[in-house]
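Just dropping this structure here.
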Amino acid sequence: MKLVIAVVQGKDVEGLMSALRAASYRATQINSSGGFLRENNVTVMTGVDDAQVPDVFRLIHDNCYTRTQYVNPLLPIMEPGEFYMPNPVEVQVGGATVFVLPVVRYERIMPQATSGARAGAGA
Ligand code: 2BA
């Protein structure tokens, strides 16, 4: 089994999650932000059999798009009276940054709540 972790742009996440659901993959999305642009993105985690990894990549490929963004570079150190006009730099973001990790153990722990525990939950 593998854990596929994909960092995707917010604009693409609904399409990707719908496609994963339609193909019966379980997935979790976590709001995140990039260390470089400091903009919100979404990290999608999906645990799948090894043989399904190529299919998950296909869905990511079909639903996540490359976009151009502009970043203002950090201000240089300046002397008093110096003037600096920042020039935005163009960067290409996405479609997606994907990591594939081996899963040592996967378990869904699903004990039935006892009537006492159910009553306690509401108290
Ligand atoms: P950010 O860190 O905000 O990066 C956004 C985009 O800025 C990157 O797009 C890349 O085009 C550019 N960029 C990032 N760091 C740079 C640098 N040191 N110098 C020049 N340009 C730089 P992507 O490569 O598509 O990455 C999109 C997002 O995926 C990243 O957002 C980050 O959240 C995640 N990511 C990318 N590589 C990662 C890695 N090795 N580990 C963890 N997260 C990663």
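Select from the stretch 84-101 the residues that are within 13 Å of ASP12 (Cβ to Cβ) and more than 6 Å from the ligand (Cβ to nearest atom) and list them in ascending order. Write out each step before concluding.
Narrowing the stretch 84-101 to residues within 13 Å of ASP12 (Cβ to Cβ): 93-98.
Matches in the stretch 84-101: GLY95, ALA96, VAL98.
Oh, and also: Hey, VAL8 hits all of (1) touching a Cys at 6+ places or on another chain (Cβ under 6 Å); (2) not acidic (Asp, Glu); (3) not in a strand (DSSP E or B) but one; which does it fall short on?
(3)
In the stretch 1-17, how many are touching a helix residue (DSSP H, G or I) at 6+ places or on another chain (Cβ under 8 Å), more than 16 Å from the ligand (Cβ to nearest atom) and not hydrophobic (A, V, I, L, M, F, W, C)?
As a first pass, look at the stretch 1-17 and keep what is touching a helix residue (DSSP H, G or I) at 6+ places or on another chain (Cβ under 8 Å): 1-2, 4, 6, 8, 12, 15-16.
Now narrow it down to the ones that are more than 16 Å from the ligand (Cβ to nearest atom): 1-2, 15.
Add one more test, that the residue is not hydrophobic (A, V, I, L, M, F, W, C), and what stays is 2, 15.
Residues that pass the stated criteria total 2.
Here is a follow-up. With respect to SER24, is the statement that it is small (Gly, Ala, Ser), in a loop (DSSP other than H, G, I, E, B) and away from the ligand (no atom under 15 Å from the Cβ) true?
Values: small (Gly, Ala, Ser): yes; in a loop (DSSP other than H, G, I, E, B): yes; away from the ligand (no atom under 15 Å from the Cβ): yes.
Against the criterion (small (Gly, Ala, Ser), in a loop (DSSP other than H, G, I, E, B) and away from the ligand (no atom under 15 Å from the Cβ)), SER24 qualifies.
Within the stretch 51-83, which residues are away from the ligand (no atom under 16 Å from the Cβ), of a type outside the set (D, E, K, R) and in a loop (DSSP other than H, G, I, E, B)? Steps first, answer last, please.
Filtering the stretch 51-83 down to residues away from the ligand (no atom under 16 Å from the Cβ) leaves 51-56, 58-59, 62, 75-83.
Filter once more, so that each one left must be of a type outside the set (D, E, K, R): 51-54, 56, 59, 75-78, 80-81, 83.
Of everything in the stretch 51-83, those that are away from the ligand (no atom under 16 Å from the Cβ), of a type outside the set (D, E, K, R) and in a loop (DSSP other than H, G, I, E, B) turn out to be LEU75, PRO76, ILE77, MET78, PRO80, GLY81, PHE83.
Rule-based calculations on the coordinates, nothing more; no lab input. For clarity, every value in this text was computed on a predicted model and none was experimentally measured. Cβ: placed from backbone, ideal geometry, glycine included. Neighbour counts: every protein chain shown.
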